[in-house]
Amino acid sequence: MAIFAITAVAAYGILLQGQEASIGGGDRVRATLLSERALEAARSLRDGNWASLTAGTHGVAVGSNGLWTFSGAQMTVDQFTTKLTVSTLTSDRVGLSAITTWNHGVQGSGSVTLSAELTDWRKSLGGNWTNISLQGSYVDSDTPLFNDVAIKGNYAFVTCEDDDDCEGLFVFDISNLASPSRVASSFNLGNPGYDIAVKSNVLYVLTGDNNAEIRAYNISSPATLSAGNLITSYNLPGSGLGRSMVINSNTLYVGANESNAASRDEFYTFDVTNTGSILLKDSLDDSGSIQDISIRGTTAYLASTADTSEVRVVNVADPANISFLGGYNLTDVHNGLSMYAFGSGTLVGRTGGSAIDELVRFSWSSGIPSAPPGPWYREMGGNAEAMAMDPSECAGFVATTNTTKELQVVNGRNTSLAEFTSYNTATGDGRGITYNVTLDRLFMT
């Protein structure tokens, strides 16, 4: 009887513990769902009106209009109590903490807390680019021809080609945007520098070196950049033909000057997943020089000098198997110089000429520029050398050779391409342009 009693009590204890564990697990799952519901209510309120996310501790409920609303200081469902705490972090960011507690007496108690952060996705992070002003500048004592510019943290990297006292690559400390200062002044690329791109701590420079057109440098310490920071290089076919370059994820796209040689292509894709290597994936032969490249999704848009197709479109969904999708022949034979593909269209810049409008806008149809409707044209008063856009994809920035409007800001959304504003540098033609979203600043050479 004693042995039977001990066995029965043990079996009962095991069953009781299992039941308690099952009940406790169910309570925790239900509390988690209630906390998640409070967070989802806050997201719904955010999407409706950011101002409704008031700081404090709230309960949530569905209002008479069928939408979530704050209700009291807590929400009670059966024996579960949920409180949502909203904390203001910045003017456009709040922290959320949803805690659900329960107490079933002898059956146990507990709590579950879930946290999240929400931002005001409606807030514009860009400035008002209908009105611009010069914040800082650098004017060299000689006359180097600056080309492209790339930003990495507090440093700007600027390429240049030979005219007078050009080392191929300049490095500037821009921690004080009002007064950029040159650093690593002893560095000399030894060749003209054309396009430029940054990926993490690697700077890719397209040079005029006949044997190493693409170079990769370690820029973990930009102020002390030296020849010893060279990681690797790549020799394009031909002699110093590389002219345009852009990096997207782990793929480097390079455009080159036209070559009549059968074995020399003008558009290349490279795998740069590993910082120590530049691996050729594929290439295409074009009938013109590729002056600029813009990537949109799985498509590359190329500004070409080809007289019958100044706009070229390439499928780059698989960088190892690229192919031409089509193109567009602009009026007359003036070369394509710059390209920017954005959400609602494509901007193309070209060389100027008599009765030639240098800026062209296309709207999207199948992803390949076509007409009608459009294209739409705007006279820039000179070559449209380079272009960029702000995050809202409204303000289009164009660097031109117009002697009184080297920088022109146009409404890229509107087919009239109306001018917002312009700027006269008084120190030379516009050549390169870059917008940096982190600093919300435009950099032009």
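The values are calculated or read from the model by the stated rules, or taken from the named source; none is laboratory data. Computed from a predicted model, the values in this text were never measured in an experiment. Here the Cβ is made from the backbone with ideal geometry for all residues, glycine too, and neighbour counts use every protein chain on show. All accessible areas refer to the heavy atoms of the entire protein, side chains included, with ligands and DNA or RNA removed. Shrake-Rupley method; radii C 1.70, N 1.55, O 1.52, S 1.80 Å.
Worth a mention:
- Top of ASP285, ASP307, ASP47 by mean-square fluctuation, Gaussian network on the chain, Cα under 10 Å: ASP47
- Ranked by the mean number of other Cβ atoms within 10 Å of their residues, highest first, the peptides 389-397, 405-413 come out as 405-413, 389-397.
- Between GLU266 and LEU284, ASP285, ASP286, the built amide H atoms are under 5 Å apart, and every one of these is 5 or more places off in sequence or on another chain.
- Between THR308 and PHE4, residue separation times 0.36 nm minus the direct Cα-Cα distance comes to 99.6 nm.
- Put simply, the convex hull of the Cα atoms in the chain casts, on average, a shadow of 32.7 nm².
- On the chain, 48 percent of the accessible area sits on carbon and sulfur atoms, based on a 1.4 Å probe.
- Simple Cβ-charge dipole of the stretch 1-105, Lys/Arg +1 and Asp/Glu -1, about Cα centre, in debye nearest 20: 140
- Packing rank of 22-31, 372-381, where each peptide gets the mean count of other beta carbons within 10 Å, highest leading: 372-381, 22-31
- Per-residue Karplus couplings for the stretch 43-54, computed as 6.51 cos²θ - 1.76 cosθ + 1.60 with θ equal to phi - 60°, are listed in order as 5, 5, 5, 4, 5, x, 6, 4, 5, 6, 7, 6 Hz, Gly and Pro entered as x.
- Spin-label pair ALA317/THR88, simplified geometry with 7 Å Cα→Cβ offset, distance in nm: 4.9
- Each of SER259, SER200 has its accessible area taken with a 1.4 Å probe; listed largest first, they run SER200, SER259.
- In this view, the solvent-accessible surface of ASP142, computed with a 1.4 Å probe and all protein chains in place, comes to about 50 Å².
- For the stretch 331-424, taking the reciprocal of the average inverse distance between every pair of different Cα atoms yields a Kirkwood hydrodynamic radius of 13.0 Å.
- Charge-dipole axis of the chain as Lys and Arg at +1 and Asp and Glu at -1 on Cβ define it, positive-most pick from TRP50, CYS160, GLY190: TRP50
- Ratio of Rg to Rh over the stretch 72-111 (Cα coordinates, Kirkwood Rh, two decimals): 1.17
- No Cys partner within the rule (Cβ under 4.7 Å), the chain: CYS394
- For the chain, size of Cβ-based charge dipole, Lys and Arg +1, Asp and Glu -1, in debye: 2040
- Scoring 134-140, 326-332 by mean Cβ neighbours within 10 Å over their residues and listing the highest first yields 326-332, 134-140.
- Here the Karplus relation 6.51 cos²θ - 1.76 cosθ + 1.60, evaluated at θ = phi - 60°, turns the backbone of the stretch 183-196 into coupling constants of 10, 6, 5, 7, 6, 9, 5, x, 8, x, x, 10, 7, 8 Hz, with x for every Gly and Pro.
- Per residue value of the accessible surface for the chain (all protein chains in place, 1.4 Å probe), Å²: 46
- Here the stretch 300-373 is treated as a Stokes sphere of Kirkwood radius computed over C-alpha pairs; at 37 °C and 0.692 mPa s its diffusion coefficient rounds to 260 µm²/s.
- On full extension, the segment bounded by ARG182 and THR403 gains 76.9 nm, given 0.36 nm per residue less the C-alpha separation.
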